[in-house]
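See below for the structure under consideration.
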Amino acid sequence: MNRALIDKLEETSHLTKEEWITLIERRSQDTAEYLFGKARKWQKKYYGNKVYTRGLIEFTNYCKNDCYYCGIRRSSPNAQRYRLTREQIMECCREGYELGFRTFVLQGGEDGWFSQRTLEEVVRSIKENFPDCAITLSIGERSYESYEGLFQAGADRYLLRHETADPKHYRKLHPSELSLRQRKDCLYQLKKIGYQTGTGFMVGSPGQTAQCLAEDMIFIRELEPHMVGIGPFVPHHETPFAQEPGGTVELTLFMIGLLRVMLPKLLLPATTALGTIDPLGREKGIQAGANVVMPNLSPVSVRKKYELYDNKICTGDEAAECRMCLNQRMKNIGYELVVDRGDFPDHL
Ligand code: SAH
């Protein structure tokens with residue numbers, strides 16, 4: 001039954017909501033293995049054994065939003081706030097470039113201190129200094145004009161996870177000033193402007209059901225993004241969800257496999273959150289169909305402060321150590337980290 005649904009997904013890239021729910025609720029070790037076999041076949045077809053890297057620069061942990069799951073939400077009482085200077089950001093890129101990174105991801109809370117002009121200047125100077133590199137932004141919801149200005153300044157890609165595509169569930173995870181409609185609109189705008197666009201969701205966030213995950217898959221099929229970042233929800237001790245259970249490795253891997261089979265060319269990271277709840281999480285993610293890793297390039301002095309969730313890995317390691325460690329980890333499972341921008345196959 002479930003194998004037939006996986007075959008149908010592979011052939012048509014569409015399932016009905018009921019079929020998604022069945023596939024997710026009745027999954028077993030056996031169907032997972034069947035799924036991962038297919039996922040790896042598609043991963044191999046488009047990417048061989050290559051794994052792309054993105055250097056993550058967490059440049060501010062100030063945030064005006066108050067998402068209930070997030071450790072750097074506005075009302076986190078003990079978050080030690082920081083902002084990197086433009087010089088510090090450039091230094092991260094220089095170090096990253098030396099290490100072989102050809103994509104820089106600038107991620108942060110929604111921090112109004114960085115004006116549109118400052119952000120455009122940062123993007124422009126990275127592009128000037130590293131013309132062979134791609135820039136990904138992950139700085140939340142902004143106006144169409146702002147997204148357009150940043151694109152014109154040279155940003156290539158944008159990550160904005162929708163977090164959950166089920167409106168009721170969205171309400172459970174966010175305060176009333178945030179809306180799923182708005183989040184989705186941003187994603188359609190980003191695509192329209194020409195960004196390689198990434199969405200995604202947390203697996204096992206409080207109140208999530210198979211129905212919510214079905215909605216996520218249906219929304220992603222409709223949006224057709226270039227990237228999808230998913231990772232387990234991991235509780236943060238100072239948020240309203242401190243006592244909630246986290247997501248599992250098993251379900252996260254299953255969802256990665258489904259994404260690869262539904263949209264075979266996707267750029268799919270094996271996330272840090274997955275590596276946090278399982279020492280071999282990122283390796284397992286790659287073996288389930290992921291093809292990207294995103295090690296941290298932020299200065300070690302601020303790493304611990306960008307604490308989205310508890311026990312985040314690699315907060316004490318230099319960028320070079322992270323790169324070498326991942327290099328080895330990928331080799332161990334027969335994959336290879338490459339020095340490459342790692343664009344979406346059809347996007348030139
Ligand atoms: N402000 C940016 C970046 C958010 S941080 C934005 O709005 O897009 C990047 C991602 O971390 C979020 O999209 C969310 O999915 C994830 N995240 C936040 N808190 C988390 C937690 N407790 N466990 C797992 N992932 C979390």
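The values are calculated or read from the model by the stated rules, or taken from the named source; none is laboratory data. All of these numbers come straight from a predicted model, not from anything done at the bench. For neighbour counting, all protein chains shown are included, and Cβ atoms are generated from backbone atoms with ideal geometry for every residue, glycine included. For accessibility, only protein heavy atoms count, side chains too; no ligands or nucleic acids. Shrake-Rupley method; radii C 1.70, N 1.55, O 1.52, S 1.80 Å.
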Got a sec? Which of R27, R40 is within 27 Å of V293 (Cα to Cα), of a type in the set (K, R), outside any helix (DSSP H, G or I) and modelled with pLDDT of 95 or more? R27
Listed residues R94, R74; which is open to solvent by 20 Å² or more (accessible area, probe 1.4 Å) and either more than 16 Å from the ligand (Cβ to nearest atom) or polar (S, T, N, Q) (or both)? R94
Would the stretch 123-143 turn up any residue that is away from the ligand (no atom under 16 Å from the Cβ), in a strand (DSSP E or B) and open to solvent by less than 40 Å² (accessible area, probe 1.4 Å)? yes
Among the candidates D132, D166, residue that is closer than 16 Å to T199 by Cβ and not aromatic (F, W, Y): D166
Quick check on my filter: what residues within the stretch 5-24 are over 13 Å from Q211 (Cα atoms), open to solvent by less than 30 Å² (accessible area, probe 1.4 Å) and part of a helix (DSSP H, G or I)? L5, I6, L9
In the stretch 221-252, residue farthest from R73 (Cα to Cα) [restricted to those that are within 11 Å of the ligand (Cβ to nearest atom) and hydroxyl-bearing (S, T, Y)]: T252
Enumeration of residues in the stretch 213-222 that are surrounded by fewer than 21 Cβ atoms within 10 Å (Cβ to Cβ) and either within 24 Å of P240 (Cα to Cα) or without any contact (Cβ under 8 Å) to a residue 60 or more places away in the chain (or both): F219, E222
Meets criteria (closer than 21 Å to R221 by Cβ, assigned to a helix (DSSP H, G or I) and either in contact (Cβ under 8 Å) with a residue 12 or more places away in the chain or of a type in the set (K, R) (or both)) for L274: no
Restricting the stretch 155-169 to residues that are under 10 Å from S138 (Cβ atoms) and in contact with a Gly (Cβ under 6 Å, 6 or more places away or on another chain), the one nearest to the ligand (Cβ to nearest atom) turns out to be R161
Q80: more than 16 Å from the ligand (Cβ to nearest atom), within 30 Å of G257 (Cα to Cα) and not in a strand (DSSP E or B), yes or no? no
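Let's see how each residue does on (1) in contact with a Leu (Cβ under 7 Å, 6 or more places away or on another chain); (2) outside any loop (DSSP other than H, G, I, E, B); (3) away from the ligand (no atom under 13 Å from the Cβ):
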{"site": "E148", "(1), (2), (3)": "no, yes, yes"}
{"site": "R171", "(1), (2), (3)": "no, yes, yes"}
{"site": "E177", "(1), (2), (3)": "no, no, yes"}
{"site": "K184", "(1), (2), (3)": "no, yes, yes"}
{"site": "G200", "(1), (2), (3)": "no, yes, no"}
{"site": "C212", "(1), (2), (3)": "no, yes, yes"}
{"site": "D216", "(1), (2), (3)": "no, yes, no"}
Restricting attention to the stretch 2-25, does a residue exist that is out of contact with any Gly (no Cβ under 7 Å at 6 or more places or on another chain) and closer than 30 Å to T315 by Cβ? no
Top-ranked residue of the stretch 176-203 - restricted to ones that are out of contact with any helix residue (DSSP H, G or I) (no Cβ under 6 Å at 6 or more places or on another chain) and among the polar types (S, T, N, Q), ranked as most open to solvent (accessible area, probe 1.4 Å): S176
